[in-house]
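The values are calculated or read from the model by the stated rules, or taken from the named source; none is laboratory data. Just so it is clear, the structure is predicted and the values come from calculations on it, not from any experiment. Backbone-built Cβ (ideal geometry, glycine too); neighbour counts: all protein chains shown.
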Amino acid sequence: MPLLTVACAVLLNADGHVLVTDRPAGKDMAGLWEFPGGKLEPLESPEAALVRELQEELGIETSPACLSPCGFASWSYEKVNLLLLAFAIRRWRGTPVPREGQRMQWVPVNGLFRLDMPPADRPLLGQIAAIL
Ligand SMILES: Nc1nc2c([nH]c(=O)n2[C@H]2C[C@H](O)[C@@H](COP(=O)(O)OP(=O)(O)OP(=O)(O)O)O2)c(=O)[nH]1
């Protein structure tokens with residue numbers, strides 16, 4: 001199966017809460033909570049992809065220098081092997097506002113374990129808890 005690389009953000013606010021958005025109706029895994037981000041375009045670096053996706057999905061400005069690798073997960077879905085690269089981000093410009101019809105919430109890291117998330121995300125949660 002093809003390998004699909006996805007970069008996602010663990011946006012941490014001053015309270016130590018993490019931003020999650022839900023997958024809009026009509027997409028695979030609709031309704032599940034996920035970390036904002038998305039697929040790399042051809043020849044795009046993970047960092048550039050994530051900066052672009054955060055602008056498109058939430059209207060916030062970040063830069064590769066603000067991205068700190070904080071974990072990865074690997075999961076075989078039906079048609080792809082997903083490699084999910086997570087970056088912690090503590091500083092950005094602007095206020096996140098969902099721009100693609102997603103719902104959004106800030107949750108304490110402990111609260112992530114109680115959310116319905118894609119199976120690929122599970123192994124990331126302990127890694128995120130460890131960096132706080
Ligand atoms: N952004 C993000 N994607 C995740 C997470 N967990 C997880 O399994 N994924 C999967 C879902 C998708 O198959 C893929 C992300 O792709 P994407 O967001 O660029 O694209 P999509 O499938 O939502 O929609 P499309 O752009 O293809 O229409 O990674 C996560 O926490 N964040």
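Scoring VAL80 on the criteria (1) under 22 Å from PRO24 (Cβ atoms); (2) modelled with pLDDT under 95 leaves a single failure, condition (2).
Filtering region 47-61 to residues that are closer than 13 Å to CYS8 by Cβ and either among the aromatic types (Phe, Trp, Tyr) or touching a helix residue (DSSP H, G or I) at 6+ places or on another chain (Cβ under 7 Å) (or both) leaves GLU47, VAL51. Return the pair list, or none, for Cβ contacts closer than 6 Å from residues in region 4-15 that are more than 16 Å from ALA129 (Cβ to Cβ) and among the small types (Gly, Ala, Ser) to residues that are within 15 Å of the ligand (Cβ to nearest atom) and assigned to a loop (DSSP other than H, G, I, E, B), at least 6 apart or on different chains. Here the result reads ALA9/PHE35; ALA9/PRO36, each pair linking region 4-15 to a residue that is within 15 Å of the ligand (Cβ to nearest atom) and assigned to a loop (DSSP other than H, G, I, E, B).
Quick check: anything in region 86-98 in contact (Cβ under 8 Å) with a residue 12 or more places away in the chain, over 20 Å from LEU54 (Cα atoms) and within 14 Å of the ligand (Cβ to nearest atom)? No: zero hits.
For the residues VAL51, VAL6, VAL10, VAL18, the requirement of being buried (at least 17 other Cβ atoms within 10 Å of the Cβ) and over 15 Å from ARG91 (Cβ atoms) singles out VAL6.
In summary, VAL80 fulfils each of the numbered conditions (1) surrounded by 20 or more Cβ atoms within 10 Å (Cβ to Cβ); (2) in contact (Cβ under 8 Å) with a residue 40 or more places away in the chain with the single exception of condition (1). Given the condition of a type in the set (Ser, Thr, Tyr) and touching a Lys or Arg at 6+ places or on another chain (Cβ under 9 Å), answer yes or no: does some residue in region 5-21 qualify? Among the residues of region 5-21, at least one is of a type in the set (Ser, Thr, Tyr) and touching a Lys or Arg at 6+ places or on another chain (Cβ under 9 Å), which makes the answer yes.
Scanning region 34-48 for residues that are near the ligand (Cβ under 8 Å from one of its atoms) and surrounded by 15 or more Cβ atoms within 10 Å (Cβ to Cβ) yields GLU34, PHE35, PRO36, GLY37, GLY38. Can you find a residue that is under 27 Å from GLU44 (Cβ atoms), away from the ligand (no atom under 14 Å from the Cβ), surrounded by 18 or more Cβ atoms within 10 Å (Cβ to Cβ) and not acidic (Asp, Glu) anywhere in region 105-119? No, the conditions are met nowhere in region 105-119.
When we screen SER76, SER68 for residues that are small (Gly, Ala, Ser) and either away from the ligand (no atom under 12 Å from the Cβ) or in contact with a His (Cβ under 8 Å, 6 or more places away or on another chain) (or both), the only hit is SER68.
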